[in-house]
Amino acid sequence: MTLIKSISGIRGTIGGRVGDNLTPIDVVKFASAYGIWVKQQRNKENYRVVVGRDARISGEMVQSLVMYTLVGLGIHVIDLGLSTTPTVELAVPMEHADGGIIITASHNPKQWNALKLLNAEGEFLNAEEGVKIIDIAESDTMKFSEVDDLGKITINEAYIDLHIDEILELPLIDKKAIEKANFRVVVDAVNSTGGIAIPLLLERLGVHAVKLYCDPTGRFPHNPEPLKEHLTDLSQLVVKERADFGIVVDPDVDRLAFVCEDGEMFGEEYTLVACADYVLSNTPGNTVSNMSSSRALRDLTQKYGQDYEASAVGEVNVVALMKTNKAVIGGEGNGGIIYPELHYGRDSLVGVALFLSLLAEKGMKVSELRKSYPNYFMSKKKIQLTPDLDVDAVLKAMKDKYNNENITTTDGLKIDFADSWVHLRKSNTEPIIRIYTEARTQVEADELADNFIAEIKEIARI
């Protein structure tokens, strides 16, 4: 089992030994460190933190531990209960809060949970801030409030509706055109909080939603990562219902993928491409994605005569580059849409609304829309890490081997070939090395990934 401490928070498997897993003691320790960090940011009398969770089985327990730890530090908590990551991100500035915590392990299986940490802008912490919290957690100087200075918990379950309100007020969301199109859509929310939020959004947009796995029990009916091999039921139901397309989100609703009307995957890499197409056609500007994302966004952006740049992997890195480049849209190729007109965070709800607006405008089938974009194919594989594996040494050896190619070392090792690329990096959220490749055919992408996996295993002798 595993416990991972990183700049983005703490993530691990429930149960087991303290310090090796995400136990109640580890939750309290890290929530305490975050609360102390929040109080260090400004000298004031009252501190407020927004807390929400996805529907996974351990969520209620972990959220209770987090909230009452903050109360013990004299911090007032706004409890959103079952919510989504982007909803909590929006709620922080709307509440004029000092920070936020989302209890979710995103796409990880049910035994995992995590604390995702936000600053006062409702954005993820940067590296320096994350290191400070880890340092506080490892110190023995934590000080809690006395009985008359304890915080209070206020329940507010209105924020999913408020989130949708904010989306419907965006100038680019064409509610009338969407209603007129009379779309029929199947929604797979993997029995988490997307099952609350996405159908509500669709209802208010005049879209008929067919629900699949939308009961927020946290008992995931399939692997919660929204990849093709996990979405057989959704693909079949889209065809059976003669739906216009299918929607799938991960447990905390910051990753979004679509299934075409014929049951084929639209491709999670193309979620951002399609949303960017709509945004750029109405408000030309720059775009940003991370360096593990498809070249298709670059091609599309250049077609509109705008500039594209790639950041290191991680939402905080994408957001930082978007702000620097004044990007009108950005995100990550795993289906993460960041639309600054709403907020600087990956948001499946705004992605759905932008995609529906695009479909209503173009009046074409989803499969036809997919064919209109540059055609790339990706392979996403991984190698499980062992305690004695020196990842840095492996990446250096690979860099030396391919030193005649176009190499980027901003985040792991990316090697750009003429018609393909490979990106090797250690995951921030799992004990694995990720191997992402892209090529002009799926066979080429898979072969490129397999070849690099074989080379890494030979170098590392695993």
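For this structure, a couple of remarks:
- Taking every residue in the range 131-158 that is in a helix (DSSP H, G or I) and pairing it with any residue that is at pLDDT below 95, at least 6 positions away or on another chain, the pairs with Cβ-Cβ distances below 6 Å are Ile134/Lys5.
- Contacts under 6 angstrom Cβ, first residue in the range 55-68 being assigned by TED's automatic domain parsing to the domain that holds Thr84 and of a type in the set (A, V, I, L, M), partner in a helix (DSSP H, G or I) and at pLDDT 95 or above, 6 or more apart: Val62/Val27; Leu65/Pro24; Leu65/Val27; Leu65/Val28; Val66/Ala31
- For Tyr304: the one exception among (1) buried (at least 21 other Cβ atoms within 10 Å of the Cβ); (2) more than 28 Å from Ala91 (Cβ to Cβ); (3) touching a Pro at 6+ places or on another chain (Cβ under 8 Å): (1)
- In this entry, Leu389 is excluded by the filter for residues that are assigned to a helix (DSSP H, G or I), touching a residue at least 12 places away in the same chain (Cβ under 8 Å), closer than 25 Å to Ile4 by Cβ and aliphatic (A, V, I, L, M).
- Just so you know, in the range 223-272 the residues that are small (Gly, Ala, Ser) and not in a loop (DSSP other than H, G, I, E, B) include one that is surrounded by the fewest Cβ atoms within 10 Å (Cβ to Cβ), and it is Ser235.
- The residues of the range 207-221 that are assigned to a loop (DSSP other than H, G, I, E, B) and surrounded by fewer than 17 Cβ atoms within 10 Å (Cβ to Cβ), listed by number, are Asp215, Thr217, Arg219, Pro221.
- Put simply, of Pro216, Pro251, Pro226 the only residue that is touching a Gly at 6+ places or on another chain (Cβ under 9 Å) and modelled with pLDDT under 95 is Pro226.
- Scanning the range 174-206 for residues that are in a loop (DSSP other than H, G, I, E, B) and surrounded by fewer than 19 Cβ atoms within 10 Å (Cβ to Cβ) yields Asn182, Gly206.
- Selection within the range 19-34 - over 19 Å from Ala127 (Cα atoms), of a type outside the set (A, V, I, L, M) and crowded, with 21+ Cβ neighbours inside 10 Å: Asp26
- In the range 339-351, residue nearest to Val253 (Cα to Cα) [restricted to those that are out of contact with any Phe, Trp or Tyr (no Cβ under 9 Å at 6 or more places or on another chain) and either outside the structural domain of Val273 (by TED's automatic domain parsing) or buried (at least 24 other Cβ atoms within 10 Å of the Cβ) (or both)]: Ser348
The values are calculated or read from the model by the stated rules, or taken from the named source; none is laboratory data. It should be emphasised that the depicted structure is a prediction, and the values quoted were computed from it without experimental measurement. Cβ coordinates were reconstructed from backbone atoms using ideal geometry, including for glycine residues, and neighbour counts include every protein chain displayed.
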